[in-house]
Amino acid sequence: MIDDRVLVSRVLSGDMHAFKLLIKQHERLVAHMIGRLVKNKEEREELCQDVFLKVYEKLGEFSFQSKLSTWIATIAYRHAINQMRKKKMLLSDISEVESFAANFMEEENPESLLAEHDLNDVVIDLLDKLPAPYKAVITLYHVDGMSYPDIVLVTGMPEGTVKSYLFRARNLLKEKVMKYLGKEELL
């Protein structure tokens, strides 16, 4: 793996192999960011390509005040949010998120879920039902291993909001998984 500074300088000097390497190193991160916010496969693929085009266009402005991965995740997150807004798929405001929490806790048929999926698939399915900001925060923290400050940079949310969303998302998932398993002491 090439140092980010070397990689960026090679891309800026026109080395397309270096740009392909940059894409390879960050494609999973971008796919996670986009995939947690956008469900349509074709739209996700198009958005991922758009993100890397934007990265290429703006790379000269990157000043290494954060990690390259954080900067790229920020572009991916904001691009997905902007696309959702353009498609009138606006993020829920706080009151809608709160009312969602109550609806989310309603019982589904765990027997049918168990027949179709193993527990990991169920957790992923439940995660996908969270509001977009919850999905983004929990994915950035647990899947991509980002710190609170990095998530703040990516999402533009205050750190308290990030912590709150992460706490709420974990609790919603825990409650739903416990109901699914029929156990009270899961986590």
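The values are calculated or read from the model by the stated rules, or taken from the named source; none is laboratory data. Everything numeric here is computed off the predicted structure, so don't read it as measured data. Here the Cβ is made from the backbone with ideal geometry for all residues, glycine too, and neighbour counts use every protein chain on show.
When you go through (1) surrounded by 13 or more Cβ atoms within 10 Å (Cβ to Cβ); (2) outside any loop (DSSP other than H, G, I, E, B) one by one for L130, which number turns out not to apply?
(2)
Residue pairs, Cβ under 7 Å, 6 or more apart or interchain, first in region 1-26 and assigned to a loop (DSSP other than H, G, I, E, B), second of a type in the set (S, T, N, Q). List them.
From residues that are assigned to a loop (DSSP other than H, G, I, E, B), the pairs are M1/Q25.
Testing L22 on (1) modelled with pLDDT of 90 or more; (2) over 17 Å from V154 (Cα atoms); (3) surrounded by fewer than 21 Cβ atoms within 10 Å (Cβ to Cβ); (4) of a type in the set (A, V, I, L, M), one condition comes back false. Which one is that?
In the conditions (1) modelled with pLDDT of 90 or more; (2) over 17 Å from V154 (Cα atoms); (3) surrounded by fewer than 21 Cβ atoms within 10 Å (Cβ to Cβ); (4) of a type in the set (A, V, I, L, M), L22 misses (3) alone.
Kindly indicate the residue of region 42-74 that is assigned to a helix (DSSP H, G or I), of a type in the set (K, R) and farther than 17 Å from K135 by Cα and also farthest from the chain's Cα centre (by Cα) among those meeting that condition.
Selected residue: K58.
Yes or no: region 148-166 includes at least one residue that is over 19 Å from the mean Cα position of the chain (by Cα), at pLDDT below 90 and not aromatic (F, W, Y).
No: zero hits.
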